[in-house]
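The values are calculated or read from the model by the stated rules, or taken from the named source; none is laboratory data. Keep in mind it's a predicted model, so treat the numbers as computed, not measured. Methodologically, a virtual Cβ is constructed for each residue, glycine included, from the backbone with ideal geometry; neighbour enumeration extends over all protein chains shown. In case anyone asks, the SASA skips ligands and DNA or RNA and just uses the protein heavy atoms, side chains included. Shrake-Rupley method; radii C 1.70, N 1.55, O 1.52, S 1.80 Å.
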Amino acid sequence: GHGHYHGHDDLTDRTPPRPTWLAPRHAHAQVHAINPEKKTFDRIDRLAARAETFEMELLIDINAEVWPVAANDKISFALATTLSLNGDPDDGTYQQYEKGASLLDRYEYAMHGKVYNFNHKEGENIEIDVSFGGLLMRLSGDQRHLVGIELDQSIYCLMKKV
């Protein structure tokens, strides 16, 4: 029965905050370099950005044709498990949400992918690698700010310029 036992089995009873954001909710980051290594693909730019508030470093591949970004641009990025504003889970297909009911309406660029690597670095730092159909993201920083992200998790990365 349910009783007073609070273990992992209990997690289903608590409704997640809606929408289902992964921390940090809206991090603002400053792009400090585009393609810090040699540029490897046409149309794909690798952004290196730093979120000062959370002391996080973001390295992410984007389709520069769709969403061109320049060095020193400020971007806002968020990670979420669903695009639905009421927290309904989704299966990763871009469903037709009613206008205003999707996180896509609030951002300029979105990718859907999977967490494929999760490393604990020295101290409290962790490094998370996500693949969005071959475009890669590496997020590194203090694990306090990166709660809720798990290996093999399916996630959305949403970005816009600020």
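Tabulated values for the structure
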| quantity | calculated |
| --- | --- |
| Residue among Ile60, Ile149 that is modelled with pLDDT under 95, within 14 Å of the chain's Cα centre (by Cα) and of a type in the set (Val, Ile, Thr) | Ile149 |
| Ile149 touching a residue at least 40 places away in the same chain (Cβ under 8 Å) and either surrounded by fewer than 17 Cβ atoms within 10 Å (Cβ to Cβ) or not in a strand (DSSP E or B) (or both) | yes |
| Scope the range 69-87; condition under 15 Å from Leu135 (Cβ atoms) and either surrounded by fewer than 18 Cβ atoms within 10 Å (Cβ to Cβ) or of a type in the set (Phe, Trp, Tyr) (or both); matching residues | Phe77 |
| Criterion (among the acidic types (Asp, Glu), more than 14 Å from the chain's Cα centre (by Cα) and at pLDDT below 95) met by exactly one of Asp105, Asp73 | Asp105 |
| Hits in the range 132-146 (condition: in a strand (DSSP E or B) and under 18 Å from Leu83 (Cα atoms)) | Phe132 |
| Selection within the range 30-65 - aliphatic (A, V, I, L, M), farther than 19 Å from His145 by Cα and surrounded by 15 or more Cβ atoms within 10 Å (Cβ to Cβ) | Val31, Ile34, Ile44, Leu47, Ile62, Ala64 |
| The range 99-143, subset open to solvent by less than 50 Å² (accessible area, probe 1.4 Å) and in contact with a Ser or Thr (Cβ under 6 Å, 6 or more places away or on another chain), residue farthest from Glu57 (Cα to Cα) | Gly113 |
| Tally of residues being assigned to a loop (DSSP other than H, G, I, E, B) and among the charged types (D, E, K, R) across the range 47-87 | 4 |
